[in-house]
1. Take the conditions more than 10 Å from every other protein chain (Cβ to nearest Cβ), on the phi < 0 side of the Ramachandran plot and either surrounded by 14 or more Cβ atoms within 10 Å (Cβ to Cβ) or not in a loop (DSSP other than H, G, I, E, B) (or both) and apply them to residue A:79. Does it pass?
2. Specify which of the listed residues (B:59, B:18) is within 20 Å of the chain's Cα centre (by Cα) and either modelled with pLDDT under 85 or in the same structural domain as residue B:225 (by TED's automatic domain parsing) (or both).
3. Give the residue that is surrounded by the most Cβ atoms within 10 Å (Cβ to Cβ), with candidates limited to residues of segment B:180-219 that are in a loop (DSSP other than H, G, I, E, B) and at pLDDT below 85.
4. In segment A:59-76, how many residues are touching a residue at least 12 places away in the same chain (Cβ under 8 Å), in contact with a helix residue (DSSP H, G or I) (Cβ under 9 Å, 6 or more places away or on another chain) and in a helix (DSSP H, G or I)?
5. So, in segment B:1-56, exactly how many residues are in contact (Cβ under 8 Å) with a residue 40 or more places away in the chain and within 14 Å of another protein chain (Cβ to nearest Cβ)?
6. Of all residues in segment B:112-149, count the ones that are within 18 Å of residue B:226 (Cβ to Cβ) and part of a strand (DSSP E or B).
7. Within segment A:99-128, take every residue that is surrounded by fewer than 18 Cβ atoms within 10 Å (Cβ to Cβ), part of a helix (DSSP H, G or I) and over 21 Å from the mean Cα position of the chain (by Cα) and give me the one that is farthest from the other protein chains (Cβ to nearest Cβ).
8. Specify which of the listed residues (A:156, A:178) is more than 20 Å from residue B:316 (Cα to Cα) and in contact with a helix residue (DSSP H, G or I) (Cβ under 6 Å, 6 or more places away or on another chain).
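The values are calculated or read from the model by the stated rules, or taken from the named source; none is laboratory data. Given the structure is predicted, the values throughout are model-derived calculations rather than measurements. Note: ideal-geometry Cβ built from the backbone for every residue, glycine included; neighbour counts use all protein chains shown.
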């Protein structure tokens, strides 16, 4: 599904060169649940942006679904993002004046054609994250956890091949974080490929594969032996609260 | 729900979200378009007023006017114009093929007029029986000047209503004696009131037979001007040329000597009368075009700020698959909608203001289709033109940086 070879990224600010990625090799198979971890400044977010076709690498090769993407035009990348990728951001990045339903419909606006059952698909996606009762609420009228669930529904609605999540629990309390991770674990159980960036070891341990990045290099890449089940933790938390 | 509908909805939602910005953007445009509309309404009103006045003067397309003294229409020809036309000229012109009527008149200098103990100072004009018909001017009481009056150079006078009021108040003037200068006259009729045109009271006037004016009230037998009516309007040019020949010959003007008379055709008069209002409209249009340009710059600046504030929204759209041009069209669509809304508001404000101008200030206005089109065209143009820079800025944003 995802094949990176020798990916480098250098930022240029005037004459100052800042190398961020120093040659990343990575292979992500369909159905994997990968966490990219590292301290801040390690280049993990840059790596996610490159994986998500939001940014271009300075060097190296990136094949997505067999397509070499480094030579594609801006418009072609936009089309691929729309077709094959879904994004969940730390700050949710919902349109504040649009309802949950309209936010989830957003990818269809740029899909080239607007499916006749778009509304139905959007409702289903919101149902999948447990928000069927929040269709017409605006982000300001929902909790952070609910906003992030809307964002997941938006990432899901066009049935992407990979979901990228950039610190999805970074702005959430513990309980909402567990809810979000348990939704992601559920999606993984359904066979979806998920790539997540986090600096939170607890979150990393809920994924199936853990990639550690330090100073632009992969320092370790291993499966998570016994992934924590977020739903169980959530129940423990609820019981403790009683 | 179609894609176009969604794009429109997107624009409306964004504009509503940024409504305080949208209002700021529209203010300049509303003022500019409103003033443009008012200017064109007033211009159109002036045009119609001129047409109406020319009609009331009996100046149809099948007539022209010959004035004594040379020069050019619209250029001030000196306070003392040479009076060069004669009754013989009028006779010669009336014999030309295609000429149906010649109505000469003579202006006598403003004269002191008295009746009983009252006196006033008024314009005295010598006229022929055709004069009233040629000017669409009816007699309210009594009768007009007749051929007999002309033959006898009779001392009879037809008064304008202002003169009647000054000399007789509410009393009946018919058959009464008045003095024009030192010469006694009998009042034989009263003209209907025409009201004032601009600063001039058109009813402040006395008409006497043309021959009386030339023989008894002034020392020469010249006439001031004449109206020439033709069988049909298409021959105006041809007859104008013939009249020129006849008059130059009668006045013995050699080659190279300029005309000592002036032929004014309805077209030329119309042009002269509307020239001022036209140049005023053109100048004010320019001024409001400048204000529209300024409002365009304001729109552009506000949108540039708004684009910076909306960077993350644009980043989100790009992340979910919007191409650069999708963002470009979205921002252009928004600026176009703001401009169109501002244009429509400005148009209605302008219509309201010109209605008020007519109602409160008695300035004639009329609906101007060109003003309407200018307003819509201008606002759409401003929206598109000044939306380009913000739209390009938005489309050029790097999604990663926009999302940061």
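1. Against the criterion (more than 10 Å from every other protein chain (Cβ to nearest Cβ), on the phi < 0 side of the Ramachandran plot and either surrounded by 14 or more Cβ atoms within 10 Å (Cβ to Cβ) or not in a loop (DSSP other than H, G, I, E, B) (or both)), residue A:79 does not qualify.
2. Step by step, each of B:59, B:18 is checked, and only B:59 is within 20 Å of the chain's Cα centre (by Cα) and either modelled with pLDDT under 85 or in the same structural domain as residue B:225 (by TED's automatic domain parsing) (or both).
3. Selected residue: B:202.
4. Result for segment A:59-76: 1.
5. Just the residues of segment B:1-56 that are in contact (Cβ under 8 Å) with a residue 40 or more places away in the chain, to begin with: B:7-8, B:10-12, B:14-15, B:18, B:21-22, B:24-51, B:53-56.
Within this subset, residues satisfying the condition of being within 14 Å of another protein chain (Cβ to nearest Cβ) are B:7-8, B:10-12, B:14-15, B:18, B:21-22.
Result for segment B:1-56: 10.
6. So the answer is 5.
7. A:120
8. Values: A:156 fails: more than 20 Å from residue B:316 (Cα to Cα).
Only one candidate passes the filter, namely A:178.
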